[in-house]
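The values are calculated or read from the model by the stated rules, or taken from the named source; none is laboratory data. This one's a predicted model, so the numbers in the text were calculated from it and none came from an experiment. We place every Cβ from the backbone using ideal geometry, glycine too, and count neighbours over all the protein chains shown.
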Amino acid sequence: MPELSEPTGLTTLPYTVHPIRTERLLLRPLTESDVADVFAYQSIPDVVRHLPWPLRTFDESREHTLKRAGFTLLEKDGDGIVLAAELAGPDGSASRVIGDFSIILRSSENAQVEVGWVLHPDYQGKGYATEGASAMLDLAFGELGAHRVRAELGPANTTSASLCRRLGMRHEAHFVESEIFKGGWGDLDVYAILDREWTIRPS
């Protein structure tokens, strides 16, 4: 059995986010110019039904996008960063924002963060979610030094559950009626993965 290192909390704080390039995406902070693209997926009922957001008007979506554009620093528990997933055009130039990925610092003392994502349905099933989420886990474990990364989602969100499994995350818990969601009691599933498990995952 491999020897485990002595537990430590996050030692990389404060952390300011920077753009990340993957094979097909540029992950970078949201800007005002992304409002129309973000509204395109924030206004789809089948997308929003899995998120703690209401359906928004264009102006409401703009306000929400500009607020999240400021989420670029992790310093204390509860802080979050949000990165737009910008699709590269055929010549490598900027195309459009097809979704966004987030990290929330849940416990700096215990080196634990939470990841989340949302993707326009037109771009699902093409590997973009796996590509972007993998980059966020690389950031969480590699740059932040997280020990454990989790994702929380409703049981009906089967698309995200499948993504969690592709990432090597295990289903750790199912909480029955643990929170008020969309005006009613909702169940919650928790998926998670440890740093050493991410390191040895099959490529």
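Inside the stretch 144-156, residues that are part of a loop (DSSP other than H, G, I, E, B) and under 22 Å from residue 109 (Cα atoms) make up a count of 4.
Test residue 20 against the stated conditions and say whether it is under 27 Å from residue 154 (Cβ atoms) and in contact (Cβ under 8 Å) with a residue 40 or more places away in the chain. The answer is no for residue 20.
Selection of helices (runs of 4 or more DSSP H) fully inside the stretch 1-82 by the criterion of at least 2 residues being of a type in the set (Ser, Thr, Tyr) returns 58-69. In the stretch 97-105 there is at least one residue that is closer than 15 Å to residue 26 by Cβ and either aromatic (Phe, Trp, Tyr) or part of a loop (DSSP other than H, G, I, E, B) (or both).
A count restricted to the stretch 64-87 and to residues that are out of contact with any strand residue (DSSP E or B) (no Cβ under 6 Å at 6 or more places or on another chain), at negative phi and surrounded by fewer than 16 Cβ atoms within 10 Å (Cβ to Cβ) stands at 5.
In the stretch 51-84, what count of residues is obtained for those that are over 28 Å from residue 143 (Cβ atoms), in contact with a helix residue (DSSP H, G or I) (Cβ under 8 Å, 6 or more places away or on another chain) and not basic (Lys, Arg)?
At the first step, the residues of the stretch 51-84 found to be over 28 Å from residue 143 (Cβ atoms) are 54-63.
Cutting the leftovers down to in contact with a helix residue (DSSP H, G or I) (Cβ under 8 Å, 6 or more places away or on another chain) gives us 54-56, 58, 61-62.
Now drop any that are not not basic (Lys, Arg), which leaves 54-55, 58, 61.
Adding up the residues that qualify gives 4.
For the stretch 157-203, the set of residues classified as at pLDDT 95 or above, among the aliphatic types (A, V, I, L, M) and assigned to a loop (DSSP other than H, G, I, E, B) consists of 167, 169, listed by residue number.
Considering only residues that are modelled with pLDDT of 95 or more, charged (D, E, K, R) and surrounded by fewer than 16 Cβ atoms within 10 Å (Cβ to Cβ), which ones fall in the stretch 90-110? Don't jump to the end; show me each part of the working.
Quick first cut of the stretch 90-110, residues modelled with pLDDT of 95 or more only: 97-110.
In the following step, the residues that additionally are charged (D, E, K, R) were identified as 100, 106, 109.
109 - this is the single residue of the stretch 90-110 that is modelled with pLDDT of 95 or more, charged (D, E, K, R) and surrounded by fewer than 16 Cβ atoms within 10 Å (Cβ to Cβ).
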